[in-house]
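K.L.:
First, the structure itself, so that you have it in front of you.
The values are calculated or read from the model by the stated rules, or taken from the named source; none is laboratory data. Quantities reported herein were computed from a predicted structural model and do not represent experimental measurements. A quick note on method: Cβ atoms are made from the backbone with ideal geometry, for glycine too, and the neighbour counts reach across all protein chains shown. Remember, those area values only see protein heavy atoms, side chains included, never the ligands or the DNA or RNA. Shrake-Rupley method; radii C 1.70, N 1.55, O 1.52, S 1.80 Å.
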Amino acid sequence: MILPARVKLCEVGLRDGLQNEPKILTVSEKLKLAESLIDAGFKVIELGSFMSPKAVPQMADTDELFKLLKSVKGVELRALVANKRGVERAIDCGCRKIKLNVSASKRHNLANINKTPRETVAGFNENVDLALKNGLEVSGSISMPFGSPWEGLIPVEDVEGIVEAYLGVGIKEISLSDAAGVATPKQVYDMCRSMQKKYPDVIWWLHFHNTRGMAMANILASMEAGIRNFDTALGGFGGCPFVPGAAGNVSSEDVVHMMDEMGIETGIDILKLIELSRNLQAILGHKGDSYIIKAGRSKDLFK
Ligand code: ZN
């Protein structure tokens, strides 16, 4: 098995985790959580999204959070943006990195933003220009590339078409997001190998929801295929409002634990992470989806 010496993890719990929770955290609770995640070693954090506060009230104070955290050096704080208004909000609050998203599934994309994937990507041009003109970095995400609950498997040519559309508007950092949690390790390995071969200049991120318990296996398959960047969420909280039965992102502490045990560097302190996950569980008032919170580290059994 060929494994990397180190991987980079982006903590998406503040966005992907909290956006689906009935309890809305205060801005000071979010600030404390973000600072603690930085203290635990995360160098990339998705702080929130600039969506309509009516549609996603959990993310309404993302602007405020960026203002409070913008002086953090050496840490990339990014946010999800859906439209021009979102880019303007990002510029105004000092957010330096945005992520646009399109669904590879036509029906899912229509349900989300009432546009086909092609129309969506065409519309990114203006947003990307505005962001770049103001010195922001821009990345892109493709959700459902491994399959959609509405359409089943997505033809790989469709996914490639979206990658090319992103490259066409000047975006070279692309995330493949299995929001439906349907990807299998072999499918992930094959897709990652062919995408890297075909588009060697793209910086790839992989984002797995653990809906069917395959997220860890998919991370392993991605690593074997050469991928080094992964999104994870504290406690495995979250889901997707558009996906039936969706579970949260794979939990940060489970991933860091696996990397630790395999000698793969993450730069993240697992013990601090476990404490943060327990605190978040207490704040949200229910359990997340984390094996390490339930069972503890395997290392601790052998003391
Ligand atoms: Zn997600």
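K.L.:
From the residues Phe208, Asn114, Gly248, which one has its Cα farthest along the dipole of segment 8-302 in the positive direction, the dipole being from +1 and -1 charges on Cβ of Lys/Arg and Asp/Glu about the Cα centre?
P.N.:
Checked the options; the winner is Asn114.
K.L.:
Given segment 11-113, what percent of its DSSP beta bridges are antiparallel, to the nearest 5?
P.N.:
0
K.L.:
With only alpha-carbon atoms counted, please give the Rg and Dmax of segment 8-302, in Å.
P.N.:
Cα only, segment 8-302: 17.8, 56 Å (Rg, Dmax).
K.L.:
Further question on the same structure: Give the shape of segment 1-83 as rounded, prolate or oblate, defined through the alpha-carbon gyration tensor: a ≥ b ≥ c are the square roots of its eigenvalues, a/c under 1.5 means rounded, and otherwise the shape is prolate if a/b is larger than b/c and oblate if not.
P.N.:
Note, shape of segment 1-83 comes out prolate.
K.L.:
Work out from phi, with θ = phi - 60° and the Karplus expression 6.51 cos²θ - 1.76 cosθ + 1.60, the ³J(HN,Hα) of each residue of segment 82-98, listed in order in whole Hz, and give x for Gly and Pro.
P.N.:
For segment 82-98, the Karplus-derived couplings read 10, 7, 4, 4, x, 5, 4, 5, 4, 4, 5, 9, x, 5, 9, 9, 10 Hz, x marking Gly and Pro.
K.L.:
Turning to a different aspect of this structure: Check Ser141: other-chain or 5+ apart residues with amide H under 5 Å from its amide H, H built from backbone geometry?
P.N.:
Here the answer is Leu100, Asn101, Val102, Ser175, since their amide H atoms fall under 5 Å of that of Ser141.
K.L.:
Given points 7 Å out from each Cα along the Cα-Cβ axis, report the Ala217 to Arg85 separation in nanometres with one decimal.
P.N.:
Modelled inter-label distance: 4.2 nm.
K.L.:
Could you name the lysines in cross-link range of Lys115, using Cα to Cα under 22 Å and dropping any fewer than eight places away on the same chain?
P.N.:
Lys54, Lys84, Lys99, Lys106
K.L.:
Can you work out the accessible area per residue across the chain, with the rest of the protein chains kept in place, probe 1.4 Å, in square angstrom? Each step should come with its number before you reach the end.
P.N.:
Details: 13180 Å² over 303 residues.
Value returned for the chain: 43 Å² of accessible area per residue.
K.L.:
Under the definition of Cα pairs under 8 Å and six or more residues apart, what whole-number percent is the relative contact order of segment 89-145? Working shown, then result.
P.N.:
On the way: 64 pairs, mean separation 29.9, N = 57.
That works out to 52 percent.
K.L.:
Also, quick follow-up: Under the rule of at least 5 residues apart or a separate chain, name every residue whose amide H is placed under 5 Å from the amide H of Asn229.
P.N.:
Lys8, Leu206
K.L.:
Can you tell me what share of the DSSP beta bridges in the chain is antiparallel? A percent to the nearest 5 is fine.
P.N.:
Roughly 5 percent of the beta bridges in the chain run antiparallel, per DSSP.
K.L.:
Charges only on Cβ, +1 for Lys and Arg, -1 for Asp and Glu: so what's the dipole of the chain about the Cα centre, in debye to the nearest 20?
P.N.:
180
K.L.:
Calculate what fraction, in whole %, of the accessible area of segment 243-303 sits on carbon and sulfur atoms when a 1.4 Å probe is rolled over the protein chains.
P.N.:
Heavy-atom surface of segment 243-303 belonging to carbon and sulfur, 1.4 Å probe: 54 percent.
K.L.:
Over the chain, what is the relative contact order in whole percent, taking alpha-carbon pairs under 8 Å and six or more residues apart?
P.N.:
For the chain, the relative contact order is 20 percent.
K.L.:
Determine which residues of segment 96-127 fall in the zone a paramagnetic label at Glu137 would reach in this model, i.e. backbone nitrogen under 12 Å from the point 7 Å along Cα→Cβ.
P.N.:
96-99
K.L.:
Moving on. Using the Cα gyration tensor of segment 200-283, with a ≥ b ≥ c the square roots of its eigenvalues, what is the shape: rounded (a/c below 1.5), prolate (a/b larger than b/c) or oblate (neither)?
P.N.:
Oblate, because a/c is 1.5 or more while a/b does not exceed b/c.
K.L.:
Work from the charge dipole of segment 8-302 (Cβ charges, +1 for Lys and Arg, -1 for Asp and Glu, about the Cα centre) and give the residue of Leu80, His286, Ala233 farthest towards its positive end.
P.N.:
Positive-most Cα among the choices belongs to Leu80.
K.L.:
Then there's this: Using the Cα centre of segment 131-222 as the reference point, and only Cβ charges (+1 on K/R, -1 on D/E), how large is the resulting charge dipole? Debye, rounded to the nearest 20.
P.N.:
Here the size comes out at about 220 debye.
K.L.:
Follow-up question, since we're still on this one. At 222 nm, what value in deg cm²/dmol follows for the chain if DSSP H runs of at least 4 each add -39500 (n - 2.57) and the sum is divided by all its residues, to the nearest 500?
P.N.:
That calculation yields -12500 deg cm²/dmol at 222 nm.
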